[in-house]
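Data block below; observations after.
The values are calculated or read from the model by the stated rules, or taken from the named source; none is laboratory data. Quick caveat: nothing in here was measured; it's all calculated off a predicted structure. Methodologically, a virtual Cβ is constructed for each residue, glycine included, from the backbone with ideal geometry; neighbour enumeration extends over all protein chains shown. Accessible surface is based on the protein model in full, side chains and every heavy atom, while ligands, DNA and RNA are left aside. Shrake-Rupley method; radii C 1.70, N 1.55, O 1.52, S 1.80 Å.
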Amino acid sequence: MITFEGVTKRYADGTVAVDNLSLQVPTGAITVFVGPSGCGKTTSLRMINRMIDASSGRILLDDQDVRQIDPPTLRRGIGYVIQQAGLFPHRKIVDNVATVPYLLGWDKKKARARAMELLERVGLDTKLAGRYPFQLSGGQQQRVGVARALAADPPVLLMDEPFSAVDPVVRTSLQDELLRLQAELHKTIVFVTHDIDEAIKLGDTVAVLRVGGHLAQIADPSTLLAEPADDFVEGFLGRDRGIRRLSFVPAEGVAVRREPDVPGWAVVLDADGRPLGWRADGSATGASRSGTGGAEESPGADDPGRSPASDGLLPFGTFDPRTDSLRAALDAALLAPSGCAIAVDGDGRFEGVVTRQAMDEALAGAGARRSPGEGTASHG
Amino acid sequence: MITFEGVTKRYADGTVAVDNLSLQVPTGAITVFVGPSGCGKTTSLRMINRMIDASSGRILLDDQDVRQIDPPTLRRGIGYVIQQAGLFPHRKIVDNVATVPYLLGWDKKKARARAMELLERVGLDTKLAGRYPFQLSGGQQQRVGVARALAADPPVLLMDEPFSAVDPVVRTSLQDELLRLQAELHKTIVFVTHDIDEAIKLGDTVAVLRVGGHLAQIADPSTLLAEPADDFVEGFLGRDRGIRRLSFVPAEGVAVRREPDVPGWAVVLDADGRPLGWRADGSATGASRSGTGGAEESPGADDPGRSPASDGLLPFGTFDPRTDSLRAALDAALLAPSGCAIAVDGDGRFEGVVTRQAMDEALAGAGARRSPGEGTASHG
Amino acid sequence: GGDPLSDTGASAAPSSTGSGSAAAAKVVVGSANFPENVLLASIYSQALQAKGVQVEEKFNIGSREVIYDQVKNGALTVLPEYNGGLLSFLDPKSTAASKDDVNTELKSKLASELEILDSSPAEDNDSLSVTKDTATKYSLTTIEDLAKVAKDFAVGGPPEFKKRREAQFKDVYGLTFKEWKPTGDTTADAIKSGAVQVGNVFTTDPKILINGLVPLQDPKSVFSAQNVTPLVNKAGANDTVRTTLNAISAKLDTAGLVDMMKRVAVDKDDPPAVAKDWLTKNGLA
Amino acid sequence: MNWLIDFFGDPANWSGPGGIPARLLEHVEFSVVALLLSMLIAIPLGLLIGHTGRGAVLVVIAANAARALPTLGLVVLIVLLVGVGTTWPVLLPLVALAIPPILVNTYEGIRGVEDDLRDAAYGMGLRGGQVLMKVLVPVAMPLILLGLRVAAIQVVATATVAAYVGLGGLGRYIIDGLATKDFPSTIGGAVLVAALALVVQLCFALLQRVVVSPGVSRRSGLR
Amino acid sequence: MGEGEPLIRWAWIGRNWPSIQQLLVDHVVMALVPVLLGLLIALPLGLASARWRVLYQPTVSLMNVVYSLPSLAVFIVLIPLTGLAERTTVIIPLTFYSLAVLIPAVVDGLAAVPDHVRQSAVAMGFGPMRRLLQVDLPIAVPVVLAGLRVATVSSISLVSVGALIGRGGLGYLFIDGWQRQFSTPIIVGIVLVVVLAVLADGLLVLAQRLLTPWARARRTA
Ligand SMILES: Nc1ncnc2c1ncn2[C@@H]1O[C@H](COP(=O)(O)OP(=O)(O)OP(=O)(O)O)[C@@H](O)[C@H]1O
Ligand SMILES: Nc1ncnc2c1ncn2[C@@H]1O[C@H](COP(=O)(O)OP(=O)(O)OP(=O)(O)O)[C@@H](O)[C@H]1O
Ligand SMILES: [Mg+2]
Ligand SMILES: [Mg+2]
């Protein structure tokens, strides 16, 4: 647990970067600081490992004031990841990762073994270990940065816009990687970003800061989307808040009917029971062909690319009720001409469909989850 | 109209960057080239103004082969905007914008007047005219880049990832600015991006290229989302296709009831008839207080920030049926605990609510808009 | 190509050319790179100017080896020379020692473009000098006395010494020094500090006096007569030049030269100023 | 060419205190000592001001002015003041000549290291000295070496001036050759100095390979 | 130096001021002409090397060799061609030294023109010559000026070596002082050379400020 107690930072030139900030960063979870440029995110983060010292107030790390710890010692126990990764260009990847173990006096062999293990863990080919940073892509460098921060197994990780310099596709994979890692490691992570989507995706808790270093709101992402504390937060969250909130509602609760009654439409499956598309089925009113197996096997079944229109089949959307969110289910429904989402299992095999009414109920249920008064929790 | 006729570009090292590309860029509209890195977007774009010459095939600009025009002359008639804006660091903003007019031999005063006019048009304070590029933020520089490209009023504008170097918030405002400008100017714009969201937002037509310089699909954004031609395009479009498609469906068609029947919920309005929130209304089963005006005026009405929970009011979402898309309407519905979107007029005044059933029908209508066989149009 | 330093290509010389007429507009007065020569050149220059001759000064250029050619090719018109030095430069084997012998021989060896004017009585002899202590310790009075100790002595002097003199001393006096050190302008100091035991210094060098050095006698006249003598380029000099310079030579004597050199080297008066005073005193300007 | 044969072919030029090996050794000695002395002064100073950022403007201005110091003038002045018999009159001006490029390049090298890198180093718990020695210096090494190379070459070329005041080194051949119109000697001396300078260049190229991490040199496209 | 000789005789300076002034003028001419010539030659050579990169390495290597030649030796070699104690004899080698600094500066300056700027210029319809004059060269100015500063300062300092062949501007004062064991001229010479260099450097900095208000203050050296 990291606790900010009335922390203020005033720079030499008089700029108040952080103003009387009090909040708690829970142990073992990801807390994201998000806010517009210049709102004091970096300053707040760097006060934790004393790269910057607070002007007033206290920061407690597990009940100990960080100012009572010698900065280098403090920092060796806190991983730190920054935007361009900050890798040492003159050291090979493996030695970059082993930096802190070396500092801690580990034996060289052990430190390197640890480094190799971490490279694997962050999803890098260990063949890269002998390369120099300039030989790696931006995304790979960023992964090395994460590995390096984890090397001495610090309980706390500070990450300052670590993924903002890479392109959107790589960024997404880095985010997924981080979530996967965190599921294994349960570090206490403070993550700074100015990208609200990233904050919502990664944060167990999201702290929205406003310029001047004021805390505007701190809450879990779902609450944040549902109940922004004020216009500033609402504006910062952007549009689609309602739809995005559905990401936090599992699709499990949606009623899936194995033999649905969709007037005028039928689902066509392949030999393995995977859906191929919807067919406008004037004759059979609503009788889905599901379950009847390969009877309707499509000629295009061996074509890996779906081109439903080629044989009169129409596009469809699927979701897996066990792992997907309600958002995915809704999207699946909206893609289908019938308006019904198709539920599939982990292997993509047909499980049933969600009728429009069932979907409507699930959505209403998501909206009604909150009872009056619950919103007050969001005022930090 | 710009026409590519079987255009191929093979670089000196043998790389085929563009392979037998044929497509048409309609006059007065925005055509976006989108695709993964290295798929030949930039090459295609630059063949239009002959920064690169095609190896074979022809490019026609209003029926004239561009290879028959002297390159500098051709280029002065085509605006060109690139990522880093490419501003001349040694010239003041106003002179940067006036570059092409100067080249065309305009008189200095006239050129500068034109530059000032354009700075205003792209939303820049004319006070910036006397500054040098390094004194401007990235977003401002990009605006100057657009102004410069427009200076000689060229009918055609080529834009190569113009907004990809600025942060997401600024990027959004630049995109909006471009759409606003285009609504006034009706240029023929070819816009390159690797960001599919940007492509869908800006493009009247979107051409998806695949590595090797092949055209995968060319269609309007709605069709693209509904009926991706193959797995490559579908993968490239990413998730939420169904929901994103709703952006192209106007909300007009949704049934709005002025006196709706929402069991257990009521809308509270302020003195001006603007909604303040939903109230769980156990007593009045479904009787909306709308229309009854200021009777329920909230004590928090003068608070510009909405904090509905403070007096038992719950959050709500609104949309304007005349200007918003169905996506906005759906979002509004999902934000409300009642599951019903509130329709407002241009001034934000209550117009009615959309019942869950009405919303369901509107969504189903959007899905059913297509008739079987329509999808074939998407194969370019 | 040949040795560039002896390339006499007149066409390459930037100043007046060797074929210039006697009425050459400008007389270029040069000097070697040591103060006494600069002083003498200043005297020549100022006297000529007083006679209305247009003069360009190019002082402190280098050693005889370098500037002789410059006079020959007409880049320089006038140069204060020392007859003995010039002769041994032109003919290292020459044994002429007296002023007249030297001048006679010199005139026959001189390049056709050149002539020497009247020699003055003033002399600046080369010498081999040692400190008083050394002289006493090894009872040295003449260069001959050096023979017995030369193998333990380091000898210093201007760079020219090695090339021009070393062999002569070996042949004439049988001197083989332990070591040669190019002490240049610091020779007197080097002798005094013991860096070299014996050195080639000029007799008018005030440092001989300042440092109390003893010049050794030269009975076999390796160092020939060294009368100050103007060397001129025939084509560049007219009669005004000749008469003016001859008038100077008539008045200049060794005592006067030593006096002037004291002012230049000890009192730090500048050569032009000293030259001017001397010219005024002697009614030449 | 025959001047070179005259000069290098003369056995007398190869032995004794005036021979090429001895002169070369003297020259190298001046140069090395001068270079070491200037490194001793300029590198720590450059590291200090680069690392702390304090006094940088002043030091850099002073260093630039020092570039203008005429070596010949300094040499003769110092001989006048301290007399002959020591090598200080050559060493001091050469040190003055070598300090500016070393100092300025060291400073610029350290200062030019990306802030990110500094941050990362401190953030991992390196102490000030460790940050300097383990991160900043290795990364700034190409620039530091460049400064040293420029300094070394200038020193080697300029050490010839020593001969003017009677000191040894390869300049002897040049100065004596000038005085005695011995052209082969002049050219021979110049060729020796230029060759020595080339050897110095080569040494630095090798040194660069050894001391600069490939991760740094290849990143910045240095040879 | 003689006993009791003061470090500086102030009176000497006053007495000799006119001749010092002459030396100063001579010095300035011999120092600045090479830099100007160097610039004039370095521009086309630099442009060529920037355009055909193959030329660059050989040019720079050659210049490095030139730079490592002792100036005195080069002066001497030139004497038969240009004459003893002539300005040209000093100016030619110094021009080469300036080139050694300026050619890389021009190439680096042109390399510092961001690719996107160059691309935009082409795309806006600049022809090659126009682009060079209106875009590339102006943007290269700060780097070229930085090189010019180094070249100027070293040129001013190096002229004095010319005194050894009879034409060294203020360097004459060193020889003169040396031969008479007289420190005053030497000190005056050193001071004037340094003042001259600092002044020239200051003027160039000023020129840079005025010419390139658009360039962020980046290089200090
Ligand atoms: N060393 C400093 N001296 C003075 N002001 C500073 C300093 N560092 C930061 N600031 C100011 O403090 C405020 C907060 O800076 P900080 O870097 O914490 O913002 P941030 O939220 O991280 O912004 P960004 O998203 O741009 O990284 C800004 O106004 C900034 O200009
Ligand atoms: N001058 C060149 N010589 C050789 N190959 C080139 C050249 N320019 C581009 N290419 C190659 O041609 C292909 C297409 O390049 P292009 O720049 O058009 O891609 P792009 O779609 O614009 O990519 P990005 O999104 O990365 O800008 C790539 O494989 C690229 O490596
Ligand atoms: Mg920050
Ligand atoms: Mg591109």
Q: Would you be able to say whether some residue in the stretch B:147-157 is open to solvent by 10 Å² or more (accessible area, probe 1.4 Å), among the small types (Gly, Ala, Ser), within 16 Å of ligand 1 (Cβ to nearest atom) and closer than 27 Å to B:PRO101 by Cα?
A: no
Q. Right, C:PHE89: at pLDDT below 90, out of contact with any strand residue (DSSP E or B) (no Cβ under 9 Å at 6 or more places or on another chain) and among the aromatic types (Phe, Trp, Tyr) or not?
A. yes
Q: Please find, among D:GLY55, D:GLY50, D:GLY73, the residue that is over 18 Å from the mean Cα position of the chain (by Cα) and under 30 Å from E:GLU5 (Cβ atoms).
A: D:GLY73
Q.
Being within 14 Å of chain A (Cβ to nearest Cβ) and out of contact with any Pro (no Cβ under 9 Å at 6 or more places or on another chain) narrows it down to one residue among B:ARG239, B:ARG210, B:ARG244, B:ARG258; which is it?
A. B:ARG239
**Q.** Selection status of A:ILE30, more than 16 Å from ligand 4 (Cβ to nearest atom), within 23 Å of the chain's Cα centre (by Cα) and within 30 Å of B:VAL166 (Cα to Cα)
**A.** yes
Q.
Condition check: over 21 Å from the mean Cα position of the chain (by Cα), of a type in the set (D, E, K, R) and closer than 30 Å to A:LYS92 by Cβ. Does D:ARG127 satisfy that?
A. yes
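Go through A:SER37, A:SER44 for me and flag whichever is surrounded by fewer than 16 Cβ atoms within 10 Å (Cβ to Cβ) and either touching a residue at least 40 places away in the same chain (Cβ under 8 Å) or at positive phi (or both). Before you say what the answer is, go through the steps one by one.
Numbers: A:SER44 fails: surrounded by fewer than 16 Cβ atoms within 10 Å (Cβ to Cβ).
Sole residue among the options that is surrounded by fewer than 16 Cβ atoms within 10 Å (Cβ to Cβ) and either touching a residue at least 40 places away in the same chain (Cβ under 8 Å) or at positive phi (or both): A:SER37.
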**Q.** Qualifying positions in the stretch E:140-179 - hydrophobic (A, V, I, L, M, F, W, C), open to solvent by less than 10 Å² (accessible area, probe 1.4 Å), more than 14 Å from chain C (Cβ to nearest Cβ) and over 20 Å from D:ALA68 (Cα atoms)
**A.** E:ALA140
Q) Can you name the number of the only condition in (1) within 16 Å of ligand 3 (Cβ to nearest atom); (2) farther than 20 Å from A:PHE163 by Cβ that A:ASP53 fails? A) (1)
Q. Using beta carbons and a limit of 6 Å, which pairs, at least six apart or on different chains, have the first residue in the stretch C:258-270 and more than 10 Å from every other protein chain (Cβ to nearest Cβ) and the second one open to solvent by 20 Å² or more (accessible area, probe 1.4 Å) and at pLDDT below 90?
A. C:ARG263/C:ASP269
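May I ask you to verify whether A:ARG10 is more than 15 Å from ligand 1 (Cβ to nearest atom) and over 30 Å from the mean Cα position of the chain (by Cα)?
no
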Q. Among the numbered criteria (1) open to solvent by less than 10 Å² (accessible area, probe 1.4 Å); (2) under 30 Å from B:SER164 (Cβ atoms); (3) not polar (S, T, N, Q), which single criterion is violated by A:VAL166?
A. (1)
Q | Filtered residue count, the stretch B:169-191, keeping only those that are more than 13 Å from the chain's Cα centre (by Cα) and either within 16 Å of ligand 4 (Cβ to nearest atom) or open to solvent by 50 Å² or more (accessible area, probe 1.4 Å) (or both) | A | 4
Q: Please go through the stretch D:188-198 and pick out each residue that is in contact (Cβ under 8 Å) with a residue 60 or more places away in the chain and more than 7 Å from every other protein chain (Cβ to nearest Cβ).
A: D:GLY188, D:VAL191, D:LEU192, D:LEU196
Q. Quick check: is even one residue across the stretch B:72-84 polar (S, T, N, Q), within 26 Å of the chain's Cα centre (by Cα) and more than 8 Å from chain E (Cβ to nearest Cβ)?
A. no
(Q) So, A:ARG91, is that one facing another protein chain (nearest Cβ under 9 Å), away from ligand 4 (no atom under 16 Å from the Cβ), farther than 20 Å from A:VAL190 by Cβ and of a type in the set (D, E, K, R) or not? (A) yes
Q: For the stretch C:105-112, state whether one or more residues are surrounded by fewer than 21 Cβ atoms within 10 Å (Cβ to Cβ), part of a loop (DSSP other than H, G, I, E, B) and of a type in the set (A, V, I, L, M).
A: yes
Q | Of the criteria (1) away from every other protein chain (no Cβ under 14 Å); (2) away from ligand 1 (no atom under 12 Å from the Cβ); (3) touching a residue at least 40 places away in the same chain (Cβ under 8 Å), which one A:LEU21 fails | A | (2)
**Q.** Members of the stretch E:180-199 found to be assigned to a helix (DSSP H, G or I) and within 9 Å of chain D (Cβ to nearest Cβ), listed by number
**A.** E:SER183, E:ILE186, E:ILE187, E:GLY189, E:ILE190, E:VAL193, E:VAL194, E:VAL195, E:LEU196, E:ALA197, E:VAL198
Q: Kindly indicate the residue of the stretch D:27-59 that is hydroxyl-bearing (Ser, Thr, Tyr) and touching a residue at least 12 places away in the same chain (Cβ under 8 Å) and also nearest to D:ALA157 (Cα to Cα) among those meeting that condition.
A: D:SER31
Q: Take the residues in the stretch A:33-79 that are within 20 Å of A:LEU185 (Cα to Cα) and of a type in the set (A, V, I, L, M, F, W, C), then tell me which one is nearest to ligand 4 (Cβ to nearest atom).
A: A:ILE78
(Q) Against the condition more than 14 Å from every other protein chain (Cβ to nearest Cβ) and either within 13 Å of ligand 2 (Cβ to nearest atom) or part of a helix (DSSP H, G or I) (or both), how does B:GLN182 come out, does it pass? (A) yes
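Within the stretch E:2-83, considering only helices (runs of 4 or more DSSP H) that don't extend past its boundaries, which have at least 3 residues that are open to solvent by 70 Å² or more (accessible area, probe 1.4 Å)? Break it down into steps so the answer makes sense when it comes.
On the way: elements: E:10-51, E:53-67, E:71-82.
Those helices (runs of 4 or more DSSP H) span E:10-51, E:53-67.
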Q: Considering (1) touching a residue at least 40 places away in the same chain (Cβ under 8 Å); (2) more than 10 Å from chain D (Cβ to nearest Cβ); (3) not basic (Lys, Arg), say which one E:MET124 fails and leave the rest.
A: (1)
(Q) Restricting to the stretch B:119-146, name every residue that is open to solvent by less than 50 Å² (accessible area, probe 1.4 Å), under 25 Å from B:PRO26 (Cα atoms) and either within 16 Å of ligand 2 (Cβ to nearest atom) or over 17 Å from the mean Cα position of the chain (by Cα) (or both). (A) B:GLY145
Q) Restricting attention to the stretch B:64-90, which residues are open to solvent by 40 Å² or more (accessible area, probe 1.4 Å) and farther than 14 Å from E:SER120 by Cα? A) B:GLN64, B:ARG67, B:GLN68, B:ASP70, B:THR73
Q) Across the stretch D:111-135, which residue is farthest from the other protein chains (Cβ to nearest Cβ) among those that are open to solvent by 50 Å² or more (accessible area, probe 1.4 Å) and outside any helix (DSSP H, G or I)? A) D:GLY112
